[in-house]
1. Order LYS199, LYS99, most accessible first, counting only protein heavy atoms with a 1.4 angstrom probe.
2. What is the set of long-range amide H partners of VAL66 at a cut-off below 5 Å, with H atoms built 1.01 Å from backbone N?
3. Which pairs break 28 Å Cα to Cα here: LYS99/LYS199; LYS99/LYS177; LYS69/LYS177?
4. Suppose all protein chains stay in the model; what accessible area per residue would a 1.4 Å probe give for the range 182-241, in Å²?
5. If you take every residue apart from PRO205 with its C-beta less than 14 Å away from the C-beta of PRO205, what net charge results, scoring Lys and Arg +1 and Asp and Glu -1?
6. Calculate one ³J(HN,Hα) per residue across the range 56-62 by plugging θ = phi - 60° into the Karplus curve 6.51 cos²θ - 1.76 cosθ + 1.60, and present them in order as whole Hz with x for glycine and proline.
7. Given a Förster radius of 30 Å and the C-beta distance between GLU93 and THR151 as r, what FRET efficiency does 1/(1 + (r/R0)^6) yield to the nearest 0.05?
8. Would you tell me the accessible area of LEU88, worked out with a 1.4 angstrom probe on the heavy atoms of the protein chains, in Å² to the nearest 10?
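The values are calculated or read from the model by the stated rules, or taken from the named source; none is laboratory data. Computed from a predicted structure; not experimentally measured. All Cβ positions, even for glycine, are placed from backbone atoms using ideal geometry, and neighbour counts span all protein chains on display. All accessible areas refer to the heavy atoms of the entire protein, side chains included, with ligands and DNA or RNA removed. Shrake-Rupley method; radii C 1.70, N 1.55, O 1.52, S 1.80 Å.
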Amino acid sequence: MSSNTADSSSSLLQALGHPLSDRRLQVLRALGECGSISQAARAVGVSYKAAWQAIDTLSNLAGVPVVQKSVGGAGGGGARLTEAGQELLRAAEALAQAKGAVMQQLQSRLPVQRLGIQTSMRNQWPCMVQQLAMSGPLAQVHLQGLHADVTVQARITAESAQLLGLHNGMQLLAMCKATAVEVTAATASLAQGNSWQGKIARITPGALGDEVAVQLSPGMQWVGFAAAHTGWRVGRRVQVHVPEAAVVLALEGGMLG
């Protein structure tokens, strides 16, 4: 087989994206079977917190909650898939079957490893490019959330904007590390740029900073950090700020900042 054929097959596999053995979907499948987030976490081999992260990410990407949690059951309450969660799993299975046939054909021509981007970024949400402004070596990208009435601004290099082929109306993923998200007490006015107010959904105290999940809307949640020992509780109104340069833009098969 020629090197050109090998490179072409590898590129095709990478463009197909992640295999649907994604652990986020595994958590969702296990939750549907056992009705417990903690049991689903154990079944998949992740922590309870990581299981919640998976659920939050899938809810952000879907634009609606994929899990509904009940309070007061054995072990602190149960959980069940919403109709959106069930539909997501059905779609994943159908997509896996379709991709499996194509992957098998490609792998019969070339032995390859699983390809695709894996990222540690906690915050991911689908957006559409509203406006693109070039200024020398930098590009300012104004984004509108697809499932939430939230606008986001990203500052990337002009080269990255060109390589991604950015244009108005283009859909992509915007991502940001939780450690780049600053959570502070709510104020009367918001700072310019990526600043929003929402309510605390979960909070995990830590010696170096409190990790805070903030619900901005039913279709958008941010995870960030506040100062240590805030003493805040779930339901408190807080403010979230994200530096424009911390927002990474991603297309299927690649991401650039």
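1. LYS199, LYS99
2. Sorted by chain and number, the residues that satisfy this are SER59.
3. LYS99/LYS199; LYS99/LYS177
4. On the way: 3090 Å² over 60 residues.
Heavy-atom SASA per residue in the range 182-241 reads 51 Å².
5. +2
6. 4, 5, 5, 5, 4, 5, 7
7. The formula returns an efficiency of 0.30 here.
8. Roll a 1.4 Å probe over it and LEU88 shows about 50 Å².
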